[in-house]
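Okay, so here's the structure we're looking at.
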Amino acid sequence: MPILAVVWLALNPTENIWPHLVSTVLPTYLFNTVALMLGVAIGTLFIGVSSAWFVTHYQFPGRRMLCWALLLPFAVPAYVIAHVYTDLLEFAGPVQSLLRDVFGWTRANDYYFPSIRSLGGAIVMLVLVLYPYVYLLSRAAFLEQSASILEAAQALGLSRTERLFRIALPMARPAIAVGLAMALMETLNDFGTVDYFAVRTLTAGLYDVWLGMGNLGGGAQIASLILLFVLCLVGLEKFSRRAQSHVQGGNNRFRTLERVQLTGFRATLATTLCLLPVILGFIIPAIVLVRYSIIHFEDSWNADFLTIAWNSISLSSIAALVAVLVGLLLSYSKRLMNSTVLRAAVQVSSLGYAIPGAVLAIGVMIPFSRFDNALDALMREYFNVSTGLLLSGSMGILVFAYTVRFLAVAHGGIDASMKKISPHMDDAARSLGHSSLGILGRIHLPLMRSGLLTAVLVVFVDGMKELPATLVLRPFNFDTLATQVYQFASDELIGESALFSLLIVLVGLLPVILLSATIDRSRDVYR
């Protein structure tokens, strides 16, 4: 429904400003979007793949800790890290102030310092928090590669570098492609960072045209263009995995590979290269947020903070439960009747994660507001009663939007857990007289407890961090932690936003811990 609503409005705008957009701002939007995605792709691939290769195949100081520490930037939203580094690196910040004190500079013209609020700055910020997508899937792929294949390549005279580029990377390409596609989709979804840095991407332009110019049709036209980018990403990801089938066979699959022991300069270099993303992407932002939270604690810790925190927690909790219930319905329905039509319907229903929040906001707002207006007009005409904005003016529209966006996350985890349950258990239960609903409640749910809890937690955390859709769809006088951080940052009140940001980061650590534990359990023998 959201996709159809966006396409319909884009093709039937009230005022067609598309020619004006094409001749003025659209080329800038397109250039910045493509440049941003290209920069993020290069950065996330380099950091994610190289760090995954190092911690998997080499032994160096800190390797065991870095295996999970490299996931920590997952917990930091891009807009939070953008606010932190802007405060650190701007002209009045501590870094430039220290340089002026050391070298005796007095004015900005006395020296050159790159502007953090730029396209390059936005690329760096997004790379620091999105590379874990590539790292996570690359490391999992490297861990699952057959020991016998790599040892055969070594016996044929291939060096470590040649084995990486000729054997390991081609085998891991499907996983790397998925991680890269997810990182680039999050790049398209980002609004807080590009807006704060004044980088006019398609997402920022959508808000400018829709809310700034008051032209919903023009906003829908830009949204449809963003959807084309999403379709291209999905197509490229599938194209990169075409005809890719690697069978991991034999008893040597999970046999321990001997990691190369690095010493001296090489060991120091490996530790530094893997530690640097953690320091820049998590440790420095965490230290700054904790410091500012302590300094501004009395100003931030008040009734408004508790209300906003409760809004975020309650909204994300409800959305997580709804998404998991719908995901469970989809997965179990497919298990009961695995028809072609049903599989296609489930795949379509899981496309929401690929839709950027800004596009989703338009796609949800249009049908919901039309329904509210039609119902209100009907009630006024026949009963002289105004129903108001039942859907578009309540928290329900946010729960619906979150469910659409994060259903793929919930369904993916639940479906993976359900596939581990043997169909013979269902047959045995039916032979004992249990209905399908009884089998679900008495057999599947207890066995899937871990997968269900993981799905609830991941959707909950994603909801806590969601900004673009929440900014537009939230009811009046309803703020979340994400929107409050955005408002404080827009007013240059970084210190006052620290406690709100810190709570988002702390909540975001939960799935990081789960992800790390899952990887370690999947290949304990490789440790």
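The values are calculated or read from the model by the stated rules, or taken from the named source; none is laboratory data. This structure is a prediction, so every number in the text was calculated from the model and none was measured. Every residue, glycine among them, receives a Cβ derived from its backbone with ideal geometry; neighbour counts consider all protein chains shown.
Observations on the structure shown:
- Every residue from region 374-398 that is without any contact (Cβ under 8 Å) to a residue 24 or more places away in the chain and either closer than 26 Å to Ile226 by Cβ or among the charged types (D, E, K, R) (or both): Asp376, Arg380, Glu381, Leu391, Gly396
- Lone qualifier among Met418, Met425 - being more than 24 Å from Ile226 (Cβ to Cβ), of a type outside the set (S, T, N, Q), in a helix (DSSP H, G or I) and in contact with a Lys or Arg (Cβ under 7 Å, 6 or more places away or on another chain): Met418
- Residue check, Thr86 over 22 Å from Gly219 (Cα atoms), polar (S, T, N, Q), at pLDDT 90 or above and touching a Lys or Arg at 6+ places or on another chain (Cβ under 7 Å): yes
- Out of Ser422, Ser436, one residue alone is in contact (Cβ under 8 Å) with a residue 24 or more places away in the chain, of a type in the set (Gly, Ala, Ser) and more than 30 Å from Pro73 (Cβ to Cβ). It is Ser436.
- The sole residue among Tyr353, Tyr332 that is among the aromatic types (Phe, Trp, Tyr), under 30 Å from Ser436 (Cα atoms) and either in contact with a Leu (Cβ under 7 Å, 6 or more places away or on another chain) or outside any helix (DSSP H, G or I) (or both) is Tyr332.
- If the condition is being surrounded by fewer than 22 Cβ atoms within 10 Å (Cβ to Cβ) and β-branched (Val, Ile, Thr), then region 313-328 contributes Ile313, Ile318, Val322, Val326.
- Count - residues of region 259-282 that are of a type in the set (A, V, I, L, M) and free of Cβ contacts under 8 Å to residues at least 12 places away in the same chain: 3
- Top-ranked residue of region 267-311 - restricted to ones that are β-branched (Val, Ile, Thr) and within 23 Å of Gly463 (Cα to Cα), ranked as surrounded by the most Cβ atoms within 10 Å (Cβ to Cβ): Ile308
- Being closer than 21 Å to Tyr196 by Cα and of a type in the set (Val, Ile, Thr) is a property that Ile494 has.
- Candidates Ser386, Ser349 - the one that is among the hydroxyl-bearing types (Ser, Thr, Tyr) and under 30 Å from Gly205 (Cα atoms): Ser349
- Pairing residues of region 284-312 that are assigned to a helix (DSSP H, G or I) with residues that are β-branched (Val, Ile, Thr) and surrounded by fewer than 17 Cβ atoms within 10 Å (Cβ to Cβ), at Cβ distances under 9 Å and at least 6 apart in sequence or on separate chains, gives no pairs at all.
- Boolean, Tyr131 is closer than 22 Å to Val199 by Cβ, buried (at least 19 other Cβ atoms within 10 Å of the Cβ), in contact with a Leu (Cβ under 7 Å, 6 or more places away or on another chain) and modelled with pLDDT of 85 or more: no
- Single residue of region 76-91 satisfying the filter (among the hydroxyl-bearing types (Ser, Thr, Tyr) and over 19 Å from Leu275 (Cα atoms)) that is nearest to the chain's Cα centre (by Cα): Tyr79
Residues are listed down the side, and each one gets a yes or a no for (1) within 30 Å of Leu164 (Cα to Cα); (2) assigned to a helix (DSSP H, G or I); (3) over 24 Å from the mean Cα position of the chain (by Cα):
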site: Thr56; (1), (2), (3): yes, yes, yes
site: Pro61; (1), (2), (3): yes, no, yes
site: Arg64; (1), (2), (3): yes, yes, yes
site: Phe74; (1), (2), (3): yes, yes, no
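- Wholly within region 89-192, helices (runs of 4 or more DSSP H) carrying at least 3 residues that are touching a residue at least 24 places away in the same chain (Cβ under 8 Å) and small (Gly, Ala, Ser): 119-144, 169-189
- Counting only residues that are of a type in the set (Ser, Thr, Tyr), touching a residue at least 40 places away in the same chain (Cβ under 8 Å) and outside any helix (DSSP H, G or I), region 11-50 holds 1 of them.
- Out of Val129, Val102, sole residue that is within 30 Å of Glu90 (Cα to Cα), under 30 Å from the mean Cα position of the chain (by Cα) and not aromatic (Phe, Trp, Tyr): Val129
- Residue in region 114-125 that is surrounded by fewer than 18 Cβ atoms within 10 Å (Cβ to Cβ) and touching a Lys or Arg at 6+ places or on another chain (Cβ under 8 Å) present: no
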